[in-house]
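A quick write-up on the structure given underneath.
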Amino acid sequence: MKKHIVSILIVLLSIQVFSQDATEIIKKADDKVKGSSSIATMTMKIVRPTWERTVSFKTWGKGVDYSLTIVTAPAKEKGQTFLKRQNDLWSWNPTIERMIKLPPSMMSQGWMGSDYSNDDILKESSIIVDYKHSLIGSENIEGKECFKINLMPKEDAAVVWGSIIKWISRDSYLQLKTQYFDEDETLIKTEIASEIKKMDDREIPTKIEIIPEDNKGNKTIVTIESIDFDVKLSDDFFSQQSMKKIR
């Protein structure tokens, strides 16, 4: 009798999980960490078997079309800025006073020598717009029951990844784990999110550990120090002029 009841509960849980719309879950999870706009300060620790270094930066974002990031430390890289304005991607190096337009082919490369890609920092691709979403299961991550969602790129989307799998908590739509695969379905890297804290008006993971699959001992740890959501930012703020002026 007990086994029968357990079986019924499992079936009911499965029906509840798969009755959720995968795209709606992705939208809620994406809005949780972005809002309509945001301003954030972060640190990034790059860990290698024989050395470590830390990079600090500040980033402004608005929707899927605008992003601006400035490196604030260490001194050697301080002032370098990166801009996404709709389909254009730029970097500015104040030391040599040079503006460079970044080609899409550079999006998969590590940002500032880390396991955090240029696509991650510039948000060139959108997990909502550029991918099709499907629920493939339910799994427990660190004590939280999660939706397991597969993201496949749309045919016309210019994206870095062949596919993505995300684990999103059912109770609060937190992206707790993400795996990135190439076009051959080989796992390239895994992201683990933790240290959930209240930032501005919501609770989000403040620590993201990025672990590449083919470089054992390598990882990058991104920590959100502060973030404000739904701030007023004009489209004109995201410009080459701002790249040279912001501090």
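The values are calculated or read from the model by the stated rules, or taken from the named source; none is laboratory data. The structure displayed is predicted, hence computed values, not measured ones. Cβ atoms come from the backbone with ideal geometry, glycine included; neighbour counts cover every protein chain shown.
Observations
- Lone qualifier among K207, K189, K198 - being charged (D, E, K, R), crowded, with 17+ Cβ neighbours inside 10 Å and part of a strand (DSSP E or B): K189
- In the range 157-186, the residues that are touching a residue at least 40 places away in the same chain (Cβ under 8 Å), among the polar types (S, T, N, Q) and assigned to a strand (DSSP E or B): Q175
- R202 out of contact with any Ser or Thr (no Cβ under 7 Å at 6 or more places or on another chain), closer than 22 Å to T223 by Cα and of a type outside the set (A, V, I, L, M): yes
- Among (1) modelled with pLDDT of 95 or more; (2) farther than 15 Å from A22 by Cα - the single one Y116 does not satisfy: (1)
- Within the option set V6, V17, V33, V11, being closer than 21 Å to D200 by Cβ and modelled with pLDDT under 95 holds for one residue only, V33.
- Scan of the range 205-247 for residues that are aliphatic (A, V, I, L, M) and within 19 Å of the chain's Cα centre (by Cα), ordered by number: I208, I210, I211, I221, V222, I224, I227
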